[in-house]
Amino acid sequence: MQVQAERSQGIDPQSRILVAGHRGLVGGAITRALAARGYQPVGVDVAEADLTDPASARALFERERPQAVVLAAAKVGGIVANWEQPWEFIAINLAIELNVVREAFRSGVEKLLFLGSSCIYPREAPQPLREEYLLTGPLEETNRAYAVAKIAGIEMCRSLNRQHGTDYLSLMPTNLYGPGDNFDLRTSHVLPAMIRKFHEAKLGLPAADGSPRPPMAPVVLWGTGAPRRELLHVDDLAEAAVFLLEHVSAAELPDGMVNIGTGHDQTIRELAELVQRIVGHSGPIEWDSSKPDGTPQKRLDVGRITALGWQPRRSLEEGIRSAYEWYVAHAGSADEPHQGEAARTGAR
């Protein structure tokens, strides 16, 4: 189905678009995609506004007066960070969401994109995950605090749409990766963590505890390798976000929600073998089954966005190669959380 220009409820080419979290993985990609389309996005980071503070958020909107907002600012992390810091994940994300959405509405912003997460869906929901499965069962325990915060953000947007006729879309991306990712082993997601582990083991760099290792040392990965994960390159997500800004209104989608992904997944074990091959590591992989696997499967039903006329362009292998090349080029600076601990704006 092709999108017709006349049905667009999108933004004007001259619109002032505020990207909250523009230094993060998602915010950075969306900023690049908007600029490539001729827009002039306005980014905000921790040096400019504390989005967890109501007064600071209000001052930001009064100063910038945007016509559209992309809310990509968040505190994010992998399974370890979510498990060890549930309070920070719920408190920081709730504060950012409430302040940004409230000030967007207060200042008359009618077009907003809220970046959610596939972890909002119940742990045991049928596969693939459809948007209507929201709130139909218990969440995965290891990231429940983060998921609840994201569900609250969806409800904020839905409530304003229903009560006040705003156009606030909630995007549910699958697991994301790409340039600008966080490669810190304690806070990163599964793919960047694998890339770093295989790269360091290939070179024989010291282990996390400082102990020496020979080249092609074994790589230890959490869990059994059995869970399945869907992955999407962040530049594909960014292109989807711009597409939705330009062509789709929240009123066209039930609850203003839309999944964004590839619709395909693979086991963690298969993913590890692919990353290992791309990195060029030939040592053994060891699975630590004493560590949690997380959600058994998270594959999105992408029927809604496909019907609107959008599909991703990058293959998984192509995307991982580009992510690895970025990591090698930025090794050192990429070893620290990429703005991920900047609690004021976060970095998705």
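Odds and ends about this structure:
- Within segment 54-65, the presence of a residue that is among the hydroxyl-bearing types (Ser, Thr, Tyr), at pLDDT 95 or above and touching a Pro at 6+ places or on another chain (Cβ under 8 Å) is excluded.
- Residue among PHE89, PHE105, PHE114 that alone is buried (at least 24 other Cβ atoms within 10 Å of the Cβ), of a type in the set (Phe, Trp, Tyr) and over 22 Å from PRO192 (Cα atoms): PHE114
- Residue within segment 259-277 that is crowded, with 20+ Cβ neighbours inside 10 Å, more than 27 Å from GLU325 (Cβ to Cβ) and out of contact with any Phe, Trp or Tyr (no Cβ under 8 Å at 6 or more places or on another chain) present: yes
- Within segment 257-306, the residues that satisfy the criterion of being more than 28 Å from ASN161 (Cα to Cα) and of a type in the set (A, V, I, L, M, F, W, C) are ILE268, LEU271, ALA272, LEU274, VAL275, ILE278, VAL279, ILE285, TRP287.
- Scanning segment 216-267 for residues that are over 17 Å from the mean Cα position of the chain (by Cα), farther than 24 Å from ALA35 by Cβ and among the aliphatic types (A, V, I, L, M) gives MET216, ALA217, VAL219, VAL220, LEU221, ALA226, ALA250, ALA251, LEU253.
- Filter pass, ALA193 being of a type in the set (A, V, I, L, M, F, W, C), more than 24 Å from ILE120 (Cα to Cα) and modelled with pLDDT under 95: no
- Residue list for segment 208-217, filter: surrounded by 14 or more Cβ atoms within 10 Å (Cβ to Cβ) and either out of contact with any Lys or Arg (no Cβ under 8 Å at 6 or more places or on another chain) or under 23 Å from SER290 (Cα atoms) (or both): ARG213, ALA217
- Set side by side, the residues ARG144, ARG130 differ, and just one is in contact with a helix residue (DSSP H, G or I) (Cβ under 9 Å, 6 or more places away or on another chain), surrounded by fewer than 20 Cβ atoms within 10 Å (Cβ to Cβ) and within 23 Å of HIS264 (Cα to Cα), which is ARG130.
- Among all positions in segment 219-240, there is at least one residue which is of a type in the set (Lys, Arg) and crowded, with 20+ Cβ neighbours inside 10 Å.
- Residue match in segment 136-144 (condition: closer than 20 Å to ILE96 by Cα, modelled with pLDDT of 95 or more and either among the acidic types (Asp, Glu) or under 14 Å from the mean Cα position of the chain (by Cα) (or both)): no
- Strands (runs of 3 or more DSSP E) lying entirely in segment 189-279 (those with 2 or more residues that are among the hydrophobic types (A, V, I, L, M, F, W, C) and under 26 Å from ALA29 (Cβ atoms)): 231-233, 257-260
- Candidates ARG158, ARG162, filtered to the one that is touching a residue at least 60 places away in the same chain (Cβ under 8 Å), within 22 Å of GLU252 (Cα to Cα) and not in a loop (DSSP other than H, G, I, E, B): ARG158
The values are calculated or read from the model by the stated rules, or taken from the named source; none is laboratory data. Please read all numbers here as calculations on a predicted model, not as lab measurements. Cβ coordinates were reconstructed from backbone atoms using ideal geometry, including for glycine residues, and neighbour counts include every protein chain displayed.
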